[in-house]
Structures are given as structure tokens and as C-alpha cells.
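Colleague: Have a look at this one.
The values are calculated or read from the model by the stated rules, or taken from the named source; none is laboratory data. These numbers were taken from a predicted model, which means no experiment stands behind them. Cβ coordinates were reconstructed from backbone atoms using ideal geometry, including for glycine residues, and neighbour counts include every protein chain displayed. In case anyone asks, the SASA skips ligands and DNA or RNA and just uses the protein heavy atoms, side chains included. Shrake-Rupley method; radii C 1.70, N 1.55, O 1.52, S 1.80 Å.
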Amino acid sequence: MSARLPSVLAGALLAIACTGAVGRESAPAAGPPHPFVLPSKRELRLANGMAATLVPFGSVPKATLLLVIRTGNAAEGGKTGLGDITAELLKEGAGSRDGAALAELAAEMGGALETQAGPDQTTVSLDVLAERAAAAVAVLADVVRRPQLPASELPRLKKNLSRQA
């Protein structure tokens, strides 16, 4: 009789679990939503014709610079992946800095350089500490105006992109 006790107990516990007889604590009621007000934005046009929008948000002294280029994967024609590989190549060097120096500079500014190709736009962004924002604008400009686009990095980047697909 004692040999059957574990199987009887297991069966009883399973029956209780299946019938929902085990008491569960119900979730607490949701509180009222916190008020949320969108920050005011400031739009301006630079002397070179570039549009800029400034949106203050949050309490962390960080700045996110986001540059949108109005072309993306839809403009590839028959060259599938061209937008994605070009976006990745932008991080591999700009001006006199190679990819490692560019990444290190972004890190010293308190952030990281990111690129992404979408269907109809490519974005280049740089998150930095707020006091480094002016210097970051120059870095971002260098990335889009003087990219190195090193052919030596193509095999590695193609392999990375193929793993993501």
C-alpha cells in the first residue's frame, strides 16, 4: 500500500491543478493612467536647406541625433540588400577615422552610432551625452558626407546580414 502512495498523491495533485482548485492570487487593479504631455518641438531649416526638429524629452542628459535620408531598400532595383549593406558600411569609417576609431569616438561621447535601411528611408543616428551634442553633429555630418565605405569590410558585413535574414 505504501508503494502506491506517491502515485496516488501525484494523481490527486494533478486533478487539483487541472480543475483550477489551487487558489491563485488575482492581479491588482490597474491604477489611473499618469498624465502624459508630448513635449513641444522646434522645427528649423539650416542655411544648407536641411530641415531639423528639436524635441526635448526625458531627464537624462542625453541627446539623440537622427538623420533621415530619403532613400532605402525600395530604390535598390535588382540589387537586393544594397541599402542594408550601404547602411552598415557607413559605420566602417568616415573622414580620417576608420570604423574602430568612429565607434570609439561615439563611445567617448557617451553613446553609439547606429544605421538602418528601411523601405523608403535610411537613418543614421548618434546617441551622446547632451554636452557632446555639438561635436556629435560634426561626426554625424562626417559619416554621411565623407563615408569611407571600405570594400575590405564587404565580406564580413555580407555574412553578418545573411545571418540576420
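Colleague: Going through region 134-148 one residue at a time, which ones are open to solvent by 20 Å² or more (accessible area, probe 1.4 Å) and assigned to a helix (DSSP H, G or I)?
Modeller: Of everything in region 134-148, those that are open to solvent by 20 Å² or more (accessible area, probe 1.4 Å) and assigned to a helix (DSSP H, G or I) turn out to be ALA134, ALA135, VAL137, ALA138, ALA141, ASP142, VAL144, ARG145.
Colleague: Let me ask something additional. Which one is farthest from THR123 (Cα to Cα), of the residues in region 80-99 that are touching a Gly at 6+ places or on another chain (Cβ under 7 Å) and in a helix (DSSP H, G or I)?
Modeller: Across region 80-99, the extreme among qualifying residues is GLY99.
Colleague: Quick one: PRO119 ticks every box in (1) touching a helix residue (DSSP H, G or I) at 6+ places or on another chain (Cβ under 6 Å); (2) at pLDDT 95 or above; (3) open to solvent by 50 Å² or more (accessible area, probe 1.4 Å) except a single one, so which number is it?
Modeller: (2)
Colleague: Among the candidates GLY78, GLY111, GLY93, which residue alone is surrounded by 19 or more Cβ atoms within 10 Å (Cβ to Cβ) and either among the acidic types (Asp, Glu) or at pLDDT below 95 (or both)?
Modeller: GLY111
Colleague: If a residue must be closer than 30 Å to GLY110 by Cβ and either open to solvent by less than 100 Å² (accessible area, probe 1.4 Å) or of a type in the set (Val, Ile, Thr) (or both), how many such residues does region 21-48 contain?
Modeller: Looking only at that region, the number is 5.
Colleague: What single numbered condition from (1) under 20 Å from PRO56 (Cα atoms); (2) out of contact with any helix residue (DSSP H, G or I) (no Cβ under 8 Å at 6 or more places or on another chain) fails to hold for VAL124?
Modeller: (2)
Colleague: Moving to a separate point now. Having 1 or more residues that are more than 25 Å from the chain's Cα centre (by Cα) and in contact (Cβ under 8 Å) with a residue 40 or more places away in the chain is the bar; report the strands (runs of 3 or more DSSP E) wholly within region 29-72 that clear it.
Modeller: On the way: elements: 42-45, 51-54, 62-69.
Qualifying strands (runs of 3 or more DSSP E): none found.
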